[in-house]
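Participant: Could you have a look at this structure, given as structure tokens, before my questions?
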Amino acid sequence: MDFLEKQCPVCSMKFQKDDDIVVCPKCGAPYHRECYDKNGKCIFPDLHKSKQSWREVYDTPEETPPEKQEENSFIVCRHCGEKNSSNALICHQCGSLLGPSDNTENDNDEMPDKMPPFIGNNGSPFLFLIDPMGGVEKEEDFNGVSGAELARFVRANTPYYMPVFKKLKYQNTGKFNFAAFFLTGGWYLYRKQYVMGTIISALYFSLSILRYIIMMWFTNDLWKEVYNAVSASGISRPDYNDVVSWALSHCSSSELLLMTLPSIISTLTFILQLVCGFAANRSYYHHCIQKISAIKKSGSENINAVISEKGGVNTPLAWSMMICYLIAAFAFSLL
């Protein structure tokens, strides 16, 4: 197919004889390979929807002026300043999530199509390995919330959460969240689930502090007394079994409780972590649906901007909680 003297939709430069050209298989739009690699996807999603070809719409004397394409086809990343397609979810330059706040004049609620292979003029296909929608269709319904709205609310790590949400919707089966297992309440706060995050963090901190207090004020001293008593009984180098046997036969029930209570609390803490790991994705899914539904019912003029603003993550709060926990743990270790 001859594209000589036609304009590249990205850079607006005319194609020359020796240019390396790639062509979108859906609409037939030609690009310089370098321009397409920089932009990340075809900039004519409307043609894909209407199943029209680039030649039918743009390869005419009334071809859309390059400056108009430049105005309508890009969104500028607020982190690195790179231009991206107006339908892009992530910046192809720095990987940051894009939203309406990156370009206040763009009120497009569309999410990118699944990234298809594009065929170059040398006949070799190349594939994109990251699908920001995680295989979920942007129009797919999640209890009155579209896949596009759900991804825009999640923002960070959508390739993980979108297929998890889809599995929860159709199969009612979740996936273990290791981040929530290790971070417990900090993960919930990171994902802006403030009520649940506060409750879990308070419970986790309380168990940890109680364990430290009991160990420092009671348990350690009791085990030392038992060890010394066993040594005084004639066993020069008592092992664990000797110490435990002596404690069971000579210590009162209240002393035994104090000696084993730190282990019991550690077990409860581990159970709390397991619960967080198993319940996190399901909890976050319902949180997203409820928040987005409330935003849509509020009648806001710019729903997409509000969804993007209310969603996402709260990194400073999560880090603050982690730092506070580390400081508390270090302080108790010095006592």
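Participant: Using the Cα centre as the reference, give the magnitude of the dipole from point charges on the C-beta atoms of the range 189-255 (Lys, Arg: +1; Asp, Glu: -1; all else neutral), rounded to the nearest 20 debye.
Facilitator: Roughly 520 debye, rounded to the nearest 20.
Participant: Please give the contour-minus-distance gain from residue 56 to residue 12: 0.36 nm per residue of separation, less the Cα-Cα distance, rounded to one decimal in nm. Before the final figure, lay out each step's value.
Facilitator: On the way: separation 44, 0.36 × 44 = 15.84 nm, distance 1.84 nm.
So the extension gain works out to 14.0 nm.
Participant: State the extension gain, in nm to one decimal, for the chain segment bounded by residue 293 and residue 46, taking 0.36 nm per residue of separation less the distance between their alpha-carbons.
Facilitator: Separation in residues times 0.36 nm, less the Cα-Cα distance, equals 86.2 nm.
Participant: Same structure, new question: How do 221, 239 rank when sorted from fewest to most other Cβ atoms within 10 Å of their own Cβ?
Facilitator: Final ranking by Cβ density, sparse to dense: 239, 221.
Participant: Based on the Cβ-Cβ distance from residue 255 to residue 235, what FRET efficiency comes out when R0 is 22 Å, to the nearest 0.05?
Facilitator: It comes out at approximately 0.65.
Participant: Tell me which residues come under 5 Å, amide H to amide H, from residue 76 once H is placed; ignore anything under 5 positions away on its chain.
Facilitator: Long-range HN contacts for residue 76: 84.
Participant: At 0.36 nm per residue, and after removing the present C-alpha to C-alpha distance, how many nm does the segment from residue 264 to residue 37 gain when stretched out fully?
Facilitator: Working it through step by step, the gained length comes to 76.1 nm.
Participant: Right, here's the next one. Based on the Kirkwood radius over alpha-carbon pairs, what is the Stokes-Einstein translational diffusion coefficient of the range 178-334 at 37 °C with 0.692 mPa s viscosity, in µm²/s?
Facilitator: Rounded to a whole number, D works out at 174 µm²/s.
Read-outs throughout are calculated quantities, based only on the coordinates presented, and are distinct from any laboratory measurement. Here the structure is a predicted model, which is why all the values come from computation and not from measurement. Neighbour counts are summed over all protein chains in view; Cβ atoms, including those assigned to glycine, are modelled from backbone coordinates with ideal geometry.
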